[in-house]
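Asks: I'd like to ask you about the structure that follows.
The values are calculated or read from the model by the stated rules, or taken from the named source; none is laboratory data. Because the structure is a prediction, the values reported are computed rather than measured. Cβ atoms come from the backbone with ideal geometry, glycine included; neighbour counts cover every protein chain shown. Note: accessible area is taken over every heavy atom of the protein model, side chains too, but ligands, DNA and RNA are not part of it. Shrake-Rupley method; radii C 1.70, N 1.55, O 1.52, S 1.80 Å.
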Number of protein chains: 2
Amino acid sequence: MGWAPLPTPSSPAPAIIFLIILLSFTFEYSIAAAPSISSNGAGLLHRLTHPPFTPAHIRASLLHHQSSSHIPKSSSSDQSHGAIYTYKTLFYTQTLDHFSFTPFSYRTFRQRYLVNDEHWGGARRRAPIFVYCGNEGDIEWFANNTGFMWEIAPLYSAMVVFIEHRYYGQSIPDIAQSNHTAETLGYLTSEQALADYAGLIRDLKHKHLAEDSPVVLFGGSYGGMLAAWFRLKYPHIAIGALASSAPILQFDDLVPLDGFYRIVSEDFKNASTSCFETIRDSWDALSTVYEESRGQEKVAKLFGFCSNVSADLWSVQDFLYTAWVYMAMTDYPYPTNFLQPMPANPVETACKAMESLPQGSDLLARIVAGANVYYNGTGQVPCFQLSSDPHGLALWSWQACTEMVMPMSSNPNNSMFPAYTYSLQSTIKLCSDYYGISPRPHWITLQFGGPDIRQVLKRFGSNIIFSNGLLDPWSNGGVLSDISDSVVALVTAKGAHHVDLRAATESDPGWLVQQREEEKKHISRWLRLYYADLRAARPT
Amino acid sequence: MGWAPLPTPSSPAPAIIFLIILLSFTFEYSIAAAPSISSNGAGLLHRLTHPPFTPAHIRASLLHHQSSSHIPKSSSSDQSHGAIYTYKTLFYTQTLDHFSFTPFSYRTFRQRYLVNDEHWGGARRRAPIFVYCGNEGDIEWFANNTGFMWEIAPLYSAMVVFIEHRYYGQSIPDIAQSNHTAETLGYLTSEQALADYAGLIRDLKHKHLAEDSPVVLFGGSYGGMLAAWFRLKYPHIAIGALASSAPILQFDDLVPLDGFYRIVSEDFKNASTSCFETIRDSWDALSTVYEESRGQEKVAKLFGFCSNVSADLWSVQDFLYTAWVYMAMTDYPYPTNFLQPMPANPVETACKAMESLPQGSDLLARIVAGANVYYNGTGQVPCFQLSSDPHGLALWSWQACTEMVMPMSSNPNNSMFPAYTYSLQSTIKLCSDYYGISPRPHWITLQFGGPDIRQVLKRFGSNIIFSNGLLDPWSNGGVLSDISDSVVALVTAKGAHHVDLRAATESDPGWLVQQREEEKKHISRWLRLYYADLRAARPT
């Protein structure tokens, strides 16, 4: 397409880090299951035997097809709150490909959506419809972790709808049920997902004769990006969007590439400098053990991996990245069970666990103690696997290999992770090897706005809340200051990944209570304006 | 998709009229060449021998593959003005399918675009770039009929760019070079075209280091719709759009369905009531002749068809529809050669020609005299064919069978054409038979806004001029009143189809001169605001 590639990395960095970033650190969950590969056995073997091209958990699951895990498979409730919401599970006949008219594009799939209308004021009263834009996982999981919507719906007499993202959960097109290739995954894109939501919402309103009912969108993380983008592209279908922890700027070079790992690192440094230093020094220490005789065995024993796990260096690094990053992302002030059962303030807890070991303890023993806060918060896990995907997030790797190219580096001046300079070339190589296709790294900024995105949002956006917590590394790509009166940023210094969307708890700090009040004020204002416009347009 | 179909027509109407509307009365030109058909020979034969399912000119060209015509094949200049513009012809490597990531989607095609930068002020001065959004034909034809852009470019130190629409002119993907089926035509959509323009413009600016040069869009008819839609969907790429004669409301039931034929009819009635009545009565008269012995022969002789033409009733009706509709559309106040070489004020001229025959003349002889103003403005055509497509517009029928479903009826209370009530079912039947696929009739309103489009444009649009001339039947679907301070309607009582985009002439009436001055004022304002914003954002 003639777009100049980003500069080649100035210093070569271990490909391993890059791979972890790309395939492992998706928004919600680190451990991806195996996409099947269309290439021949030799190519597959090459990838399997050459670690740099495939993250450990994917290689492992390709080998073993294992999905057992220490994480409970059921994701239908947030066990830490016991919050169970009731809803009808419905299915919509969705078009596979909205943007072309080949016979193949007319294929359909069943898109799952969840509806609760017990508090809905009805079409005659033009009562609102609250719609969650599903992201890369099982929609029930999001429904049960988005208590805010459920809690405020009665205040607004709103219908509550959660729409599952295509290719996730139970909304998987037939072609991709068992066969994951570029041919079958090709229609897993954000634009198709937005068009899905548009069509489903229009149909839903039509069926309820609720053409005049305003739709308010909610979304967290990638779902928040979709909510904000939907508001830009389909303003006629939704009157506003709460986009929580939506890193819409984490593309091209719109924000510093080293911000993500800087924030994770700062979270740990703010908990304790020695904690930060221990993690920073652990990567070399880990490598050193692997150079020792029976190093892998020692590590497996130290970390408590199950006996069937092949704990090569690469896998263990991946295992640790996951723990540190996700504890930073979900550094909530009360115990949760979003990704894993975790105590309140997991970063601080992990640092304390690391420091609670007697003076002179082995550095890696401290690391294990810290990681266990993430992997064994319940203390009930007898041993660790390296592969599981209870929330069905595997296909984020496809999205990351096509349009959701979110460049990241790790800068030794501010990061406790090994140095890495982002390389588009490496992404292209990886994705070409893995999926047989090359990313379109500048497509998202072409679709939704690049360097001028703030200007675009100022002039053309309205009724969008970008909420971000600064503990969350994804806040690096978030909108952190107001763009206009109606495109606003709600930033909390102590917030983590879309904490505002979670159910209220008794232990919610004041700033979180306040944040949710602000969000309600904005939503109320959108609705007031909408109804005023409607009255003005149709005085009768 | 669960959308309720539009009501079934209350009175059955001749399928013929509907077919003419759908396949023949595209924006710019009536006579479509033959798409090849993927179905088997028997199905094709059925269509060929059962006129209701295939318009005459398509049937004819399927039989004869003839492309000879009385219309000059060269379309590179508007001969009535002798205006020849100079430009570089360039090609851009364009992605076949922007919205999916299947291996097939990565195919590319060469997209033609024309560039003249002789007046461009350059990147350093952030001089503007004027881009014409190509519509359903050869881009050189549009370039040579859009004199307004060429004439004002020097005033703004603007680069002039005309981008050809995919699948037209020389911008045809390999797969569709010789094989026209739903598989090969499936990527001919307006959303793909908009994404093409976005990518090409970004690349063009990048190549010229002109990231800060504002882009102003121009488009007429379908190209005007694209310009307006582009401004809604890609506001970060163009600062404003002049959308001339763009019927963005001619979808679903946003405007009265009988408006198009009402306006054509009124144009003739305003020229002369007897002219209107003659045409109104001619359809029955024509049918009557066909019931006579050797009726077809008589008609062929009367109309002056070439000896190889099979002038069945259906073809002749089509021939007449074309003449009346296009004379109304291009009822310009000076001689032109846009679709055909034509005198000034062709509607009035045709009516005068019809009335100039001696009293008592045959009704059909008058019709021939009127139609000849359209078909034989030069007086040089020895006989008429019924099939030609000099501007390469054939594939509009594909677009009309997929997303560009623009419903129209003919109401006997206000129309000189035979009565017809729009039927979605008939469209579905026709398109299924012809292309093997069913339209998605509500897709455009889902993408770009339906009943609330004015509200959408008010809140989210800015810097769009909708210009319409009320002589133009497409003004029925146009935006005819201001939506906001910056989404404005310029309506001229005596204007025809995108007359404002044409080159100035000495015989331009005052209202046209004034209209173009208004357009320049708006464009100047957009640019002033853009530069002011830029200075504010980057004071240095």
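Asks: Kindly indicate whether B:Ser423 is hydroxyl-bearing (Ser, Thr, Tyr), under 19 Å from B:Leu257 (Cβ atoms) and assigned by TED's automatic domain parsing to the domain that holds B:Ile263.
Replies: yes
Yes or no, residue by residue, for (1) surrounded by 21 or more Cβ atoms within 10 Å (Cβ to Cβ); (2) in a loop (DSSP other than H, G, I, E, B):
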{"site": "A:Leu114", "(1), (2)": "yes, no"}
{"site": "A:Gly121", "(1), (2)": "no, yes"}
{"site": "A:Arg124", "(1), (2)": "no, yes"}
{"site": "A:Tyr132", "(1), (2)": "yes, no"}
{"site": "A:Val160", "(1), (2)": "yes, no"}
{"site": "A:Arg166", "(1), (2)": "yes, yes"}
{"site": "A:Gly169", "(1), (2)": "yes, yes"}
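Asks: Moving on to the next point. How many residues, within the stretch A:452-486, are part of a helix (DSSP H, G or I) and modelled with pLDDT under 95?
Replies: So the answer is 8.
Asks: Please enumerate the residues belonging to the stretch B:309-337 that are in contact with a strand residue (DSSP E or B) (Cβ under 9 Å, 6 or more places away or on another chain) and assigned to a loop (DSSP other than H, G, I, E, B).
Replies: Of everything in the stretch B:309-337, those that are in contact with a strand residue (DSSP E or B) (Cβ under 9 Å, 6 or more places away or on another chain) and assigned to a loop (DSSP other than H, G, I, E, B) turn out to be B:Val309, B:Ala311, B:Thr330, B:Asp331, B:Tyr332, B:Pro335.
Asks: Could you list, in sequence order, all residues of the stretch B:369-394 that are among the aliphatic types (A, V, I, L, M), within 21 Å of B:Asp331 (Cβ to Cβ) and surrounded by 21 or more Cβ atoms within 10 Å (Cβ to Cβ)?
Replies: B:Ala371, B:Val373, B:Leu393
Asks: Inspect all residues belonging to the stretch B:148-157 and state whether any of them is of a type outside the set (A, V, I, L, M), within 14 Å of another protein chain (Cβ to nearest Cβ), in a loop (DSSP other than H, G, I, E, B) and open to solvent by 10 Å² or more (accessible area, probe 1.4 Å).
Replies: No, because not a single residue in the stretch B:148-157 is of a type outside the set (A, V, I, L, M), within 14 Å of another protein chain (Cβ to nearest Cβ), in a loop (DSSP other than H, G, I, E, B) and open to solvent by 10 Å² or more (accessible area, probe 1.4 Å).
Asks: Now for a separate question. Does the stretch B:525-540 include one or more residues that are β-branched (Val, Ile, Thr) and open to solvent by less than 10 Å² (accessible area, probe 1.4 Å)?
Replies: Looking for residues that are β-branched (Val, Ile, Thr) and open to solvent by less than 10 Å² (accessible area, probe 1.4 Å), one finds none in the stretch B:525-540, hence no.
Asks: Here is a further query. Can you name the number of the only condition in (1) touching a residue at least 40 places away in the same chain (Cβ under 8 Å); (2) aliphatic (A, V, I, L, M); (3) closer than 30 Å to A:Leu194 by Cβ that B:Met159 fails?
Replies: All conditions are met except number (3).
Asks: Which one of these is of a type in the set (Ser, Thr, Tyr) and open to solvent by 10 Å² or more (accessible area, probe 1.4 Å): A:Ser221, A:Ser274?
Replies: Being of a type in the set (Ser, Thr, Tyr) and open to solvent by 10 Å² or more (accessible area, probe 1.4 Å) holds for just one of A:Ser221, A:Ser274, which is A:Ser274.
Asks: So which of A:Ala176, A:Ala193 ends up being under 21 Å from A:Phe101 (Cα atoms), touching a Cys at 6+ places or on another chain (Cβ under 9 Å) and not acidic (Asp, Glu)?
Replies: When all the criteria are applied, what remains is A:Ala193.
Asks: Scan the stretch B:158-191 for residues that are within 11 Å of chain A (Cβ to nearest Cβ) and within 18 Å of the chain's Cα centre (by Cα) and report the count.
Replies: 4
Asks: Test of understanding: among B:Ala195, B:Ala243, B:Ala210, which residue is open to solvent by less than 10 Å² (accessible area, probe 1.4 Å), within 17 Å of the chain's Cα centre (by Cα) and among the aliphatic types (A, V, I, L, M)?
Replies: Of B:Ala195, B:Ala243, B:Ala210, the one residue that is open to solvent by less than 10 Å² (accessible area, probe 1.4 Å), within 17 Å of the chain's Cα centre (by Cα) and among the aliphatic types (A, V, I, L, M) is B:Ala243.
Asks: Output the residues belonging to the stretch B:487-507 that are part of a loop (DSSP other than H, G, I, E, B), open to solvent by less than 20 Å² (accessible area, probe 1.4 Å) and touching a residue at least 60 places away in the same chain (Cβ under 8 Å).
Replies: Scanning the stretch B:487-507 gives B:Ala496, B:His497, B:His498, B:Arg502, B:Ala503.
Asks: Next question, about the same structure. Here are some residues: B:Ile444, B:Ile437, B:Ile464, B:Ile428. Which one is open to solvent by 40 Å² or more (accessible area, probe 1.4 Å) and of a type outside the set (Gly, Ala, Ser)?
Replies: B:Ile428
Asks: So if I check each of A:Val499, A:Val513, which one is touching a strand residue (DSSP E or B) at 6+ places or on another chain (Cβ under 9 Å) and β-branched (Val, Ile, Thr)?
Replies: A:Val499
Asks: Every residue in the stretch A:451-480 that is more than 14 Å from chain B (Cβ to nearest Cβ) and among the small types (Gly, Ala, Ser), please.
Replies: A:Ser467, A:Gly469, A:Ser475, A:Gly477, A:Gly478
Asks: So how many residues does the stretch B:134-147 have that are part of a helix (DSSP H, G or I), open to solvent by less than 10 Å² (accessible area, probe 1.4 Å) and not polar (S, T, N, Q)?
Replies: Qualifying residue count for the region: 5.
Asks: Could you list all residues from the stretch B:195-210 that are within 10 Å of another protein chain (Cβ to nearest Cβ) and farther than 15 Å from B:Lys233 by Cα?
Replies: Passing the criteria: B:Leu200, B:Asp203, B:Leu204, B:His206, B:Lys207.
Asks: Sticking with this one: Report yes if B:Gly121 is out of contact with any Ser or Thr (no Cβ under 6 Å at 6 or more places or on another chain), touching a residue at least 12 places away in the same chain (Cβ under 8 Å) and not hydrophobic (A, V, I, L, M, F, W, C), otherwise no.
Replies: So B:Gly121 does not fit the description; no.
Asks: Go through (1) crowded, with 22+ Cβ neighbours inside 10 Å; (2) among the aromatic types (Phe, Trp, Tyr); (3) more than 17 Å from A:Thr445 (Cβ to Cβ) and name the single condition A:Phe251 misses.
Replies: Status for A:Phe251: all satisfied but (3).
Asks: Further, regarding this structure: Which residue, of A:Val325, A:Val299, is among the β-branched types (Val, Ile, Thr), surrounded by 17 or more Cβ atoms within 10 Å (Cβ to Cβ) and closer than 18 Å to A:Pro473 by Cα?
Replies: Exactly one of A:Val325, A:Val299 is among the β-branched types (Val, Ile, Thr), surrounded by 17 or more Cβ atoms within 10 Å (Cβ to Cβ) and closer than 18 Å to A:Pro473 by Cα, namely A:Val325.
Asks: Scan (1) within 14 Å of chain A (Cβ to nearest Cβ); (2) outside any helix (DSSP H, G or I); (3) touching a residue at least 12 places away in the same chain (Cβ under 8 Å) for the single condition B:Phe417 breaks and write down its number.
Replies: (1)
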